[in-house]
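First the structure, in the form of structure tokens, and then the observations on it.
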Amino acid sequence: MNSTGKAILKQAPEQEEKIITISDKSPEEKLYESLEKYELPDYLLYTGSGGANNWLKLDESKTFPVARQLKVMLEENVASIVRFIPACMSLVSIGVGSGEKERILLEELIKKNQTEKQAFEPVSIRYYPVDINSRLVDLALEKVKDLPVERKGIVGSIEDMQLLKKHWHLPVLFCILGNTFCNYEPEFILRLVHENLEQGDLFFFDANLLPTQDSGEETQAARKSILGTYASRENVLFNIYPLLQYGMAPEDFDFEILLAQVDSRIGALCRTRKSLNILKDAEIRMGAKVVGFKEGDIIRMGFTYKYTYDQVLAFLDICGFDVLKALLSEDRTNVMILAKKRI
Ligand SMILES: C[S@@+](CC[C@H](N)C(=O)[O-])C[C@H]1O[C@@H](n2cnc3c(N)ncnc32)[C@H](O)[C@@H]1O
């Protein structure tokens, strides 16, 4: 999920409910430029109303329970997380999607706020849903319209966090939920968050994990199940949508997904490797722009890391975070972590 292009501020009056920080290039231009380089990064799967609908549909599908399982885990454990969060904090969530998880957090924060502040005037919580897709920001704002929170949506890219942070009121609980953390290089995302959080801010994220890294039967079964999820028809459709949208036919290419080992400072990590393998000469048309592909061409796509729990902890440590609370599911396949910058 790497979106390039300089971000600019399109509209920023303080009273607006939604701020749009956009790249100087349209999603279509970015798609064209990426495909010319035989690349289709993940963030391009989420753009436009098609991208928003596709994600919402995928998130509901039985065969792709990744983000949904993390929502259930949050519902079951929200009180024990919120215990560590001061009531005055603003909530920022990047890659907010539909904003369902944020509603769960906000309801609990409001409850806590009301209990703690009984003797005083309750402070209203500020909520900043952020997403690359404007429609998803609208949805996240709508989702909490009956809650007593001050809402300000931000359309923008996580890579522009330095620009985005000018819009939020400190201190913040900074969230990356729905396994989105695993779509980035670990040291890139953790350093980005570390550089842009202030002392007093908190970082909350979740991840879908590999239970262990050994070569035993349990790990083999977990790998098989991961591949089954990512190779499901629903996830494949989500991944190939941009090619179909601009004129290619399903028989023109093959979607391939593997689990690969990659090196890192802390040893071997497991990561998905996705590609679109062109089976016959074909082209994509975006208005006047055309990208041609030849049989045998390969379009490289984004990835998802499948860490073990210990690997996540090791990266947090290397990148200067202390864990305040970590919740690991019994089968070690899902985790939620609340952390802060080490002083
Ligand atoms: C895997 S979905 C998770 C959505 C939501 N957090 C959940 O838990 O259901 C990833 C989300 O990140 C958004 N996204 C993708 N690339 C992004 C980027 N570079 N900056 C900000 N948001 C991005 C997508 O539009 C999508 O809403």
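The values are calculated or read from the model by the stated rules, or taken from the named source; none is laboratory data. This one's a predicted model, so the numbers in the text were calculated from it and none came from an experiment. Virtual Cβ from ideal backbone geometry, glycine too; neighbours counted across all protein chains shown.
Go through the range 1-43 residue by residue and tally those that are among the aliphatic types (A, V, I, L, M), modelled with pLDDT under 95 and under 22 Å from Ile278 (Cβ atoms).
1
Sort through Leu105, Leu139, Leu91, Leu173 and tell me the only one that's surrounded by 19 or more Cβ atoms within 10 Å (Cβ to Cβ) and near the ligand (Cβ under 10 Å from one of its atoms).
Numbers: Leu105 fails: near the ligand (Cβ under 10 Å from one of its atoms); Leu91 fails: near the ligand (Cβ under 10 Å from one of its atoms); Leu173 fails: near the ligand (Cβ under 10 Å from one of its atoms).
Answer to the selection: Leu139.
Conditions tested, residue by residue: (1) touching a residue at least 12 places away in the same chain (Cβ under 8 Å); (2) closer than 16 Å to Gln261 by Cβ; (3) in the same structural domain as Ile318 (by TED's automatic domain parsing).
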{"residue": "Glu185", "(1), (2), (3)": "no, yes, yes"}
{"residue": "Leu192", "(1), (2), (3)": "yes, no, yes"}
{"residue": "Glu198", "(1), (2), (3)": "yes, no, yes"}
{"residue": "Asp201", "(1), (2), (3)": "yes, no, yes"}
{"residue": "Asp206", "(1), (2), (3)": "yes, no, yes"}
{"residue": "Arg223", "(1), (2), (3)": "yes, yes, no"}
{"residue": "Ile226", "(1), (2), (3)": "yes, yes, no"}
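Do the conditions hold for Arg151, that is, is it farther than 27 Å from Thr229 by Cβ and either within 11 Å of the ligand (Cβ to nearest atom) or at pLDDT 95 or above (or both)?
So Arg151 fits the description; yes.
As an exercise: evaluate Gln162 against (1) more than 16 Å from Ser90 (Cβ to Cβ); (2) in contact with a strand residue (DSSP E or B) (Cβ under 6 Å, 6 or more places away or on another chain) and give the number of the one condition it does not meet.
(2)
Given the condition on the phi < 0 side of the Ramachandran plot and outside any helix (DSSP H, G or I), answer yes or no: does some residue in the range 313-320 qualify?
Looking through the range 313-320, at least one residue is on the phi < 0 side of the Ramachandran plot and outside any helix (DSSP H, G or I).
How do the pairs read when you match residues in the range 53-75 that are within 15 Å of Ile176 (Cα to Cα) with residues anywhere that are part of a helix (DSSP H, G or I) and more than 9 Å from the ligand (Cβ to nearest atom), using Cβ under 6 Å and keeping only pairs 6 or more apart or on different chains?
If the second residue must be part of a helix (DSSP H, G or I) and more than 9 Å from the ligand (Cβ to nearest atom), the pairs left are Leu74/Ile104.
Quick grid of which residues meet (1) out of contact with any Asp or Glu (no Cβ under 6 Å at 6 or more places or on another chain); (2) surrounded by fewer than 16 Cβ atoms within 10 Å (Cβ to Cβ); (3) of a type in the set (Phe, Trp, Tyr):
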position: Ile278; (1), (2), (3): no, no, no
position: Lys289; (1), (2), (3): yes, yes, no
position: Gly292; (1), (2), (3): no, yes, no
position: Ile298; (1), (2), (3): yes, yes, no
position: Tyr309; (1), (2), (3): yes, no, yes
position: Asp317; (1), (2), (3): yes, yes, no
position: Ser329; (1), (2), (3): yes, no, no
position: Met336; (1), (2), (3): no, no, no
position: Lys340; (1), (2), (3): no, no, no
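So if I check each of Lys57, Lys37, Lys62, which one is away from the ligand (no atom under 13 Å from the Cβ) and either among the hydroxyl-bearing types (Ser, Thr, Tyr) or in the same structural domain as Glu185 (by TED's automatic domain parsing) (or both)? Break it down into steps so the answer makes sense when it comes.
Details: Lys57 fails: away from the ligand (no atom under 13 Å from the Cβ); Lys37 fails: either among the hydroxyl-bearing types (Ser, Thr, Tyr) or in the same structural domain as Glu185 (by TED's automatic domain parsing) (or both).
It is Lys62.
Check Arg285, Arg265, Arg273, Arg300 and return the single one that is farther than 30 Å from Lys340 by Cβ, basic (Lys, Arg) and more than 22 Å from the chain's Cα centre (by Cα). Walk me through how you get there before you give the answer.
Numbers: Arg265 fails: farther than 30 Å from Lys340 by Cβ; Arg273 fails: more than 22 Å from the chain's Cα centre (by Cα); Arg300 fails: more than 22 Å from the chain's Cα centre (by Cα).
Exactly one residue qualifies, and that residue is Arg285.
Would it be correct to say that Ser134 is surrounded by fewer than 17 Cβ atoms within 10 Å (Cβ to Cβ), small (Gly, Ala, Ser) and more than 9 Å from the ligand (Cβ to nearest atom)?
So Ser134 fails the test.
May I ask you to say which residue of Phe188, Phe181 is in a helix (DSSP H, G or I) and either surrounded by fewer than 17 Cβ atoms within 10 Å (Cβ to Cβ) or near the ligand (Cβ under 9 Å from one of its atoms) (or both)?
Values: Phe181 fails: either surrounded by fewer than 17 Cβ atoms within 10 Å (Cβ to Cβ) or near the ligand (Cβ under 9 Å from one of its atoms) (or both).
Going through Phe188, Phe181 in turn, the sole match is Phe188.
Quick check: anything in the range 232-243 more than 16 Å from the chain's Cα centre (by Cα), among the polar types (S, T, N, Q), closer than 20 Å to Leu56 by Cα and outside any helix (DSSP H, G or I)? Lay out the reasoning, then the answer.
First pass over the range 232-243, keeping only residues more than 16 Å from the chain's Cα centre (by Cα): 232-234, 236-237, 240-243.
Subsequent filtering for residues that are among the polar types (S, T, N, Q) retains 232.
Going one step further and asking which of them are closer than 20 Å to Leu56 by Cα, we end up with 232.
Okay, now just the ones that are also outside any helix (DSSP H, G or I), so 232.
Within the range 232-243 (the criterion being more than 16 Å from the chain's Cα centre (by Cα), among the polar types (S, T, N, Q), closer than 20 Å to Leu56 by Cα and outside any helix (DSSP H, G or I)), the answer is yes, since at least one residue qualifies.
Looking only at strands (runs of 3 or more DSSP E) that fall completely inside the range 72-171, which ones have 1 or more residues that are in contact with a helix residue (DSSP H, G or I) (Cβ under 6 Å, 6 or more places away or on another chain) and closer than 22 Å to Gln199 by Cβ? If you could, list the steps in order and put the result at the bottom.
Values: elements: 90-94, 125-131, 149-151, 153-155.
Strands (runs of 3 or more DSSP E) meeting the threshold: 90-94, 125-131.
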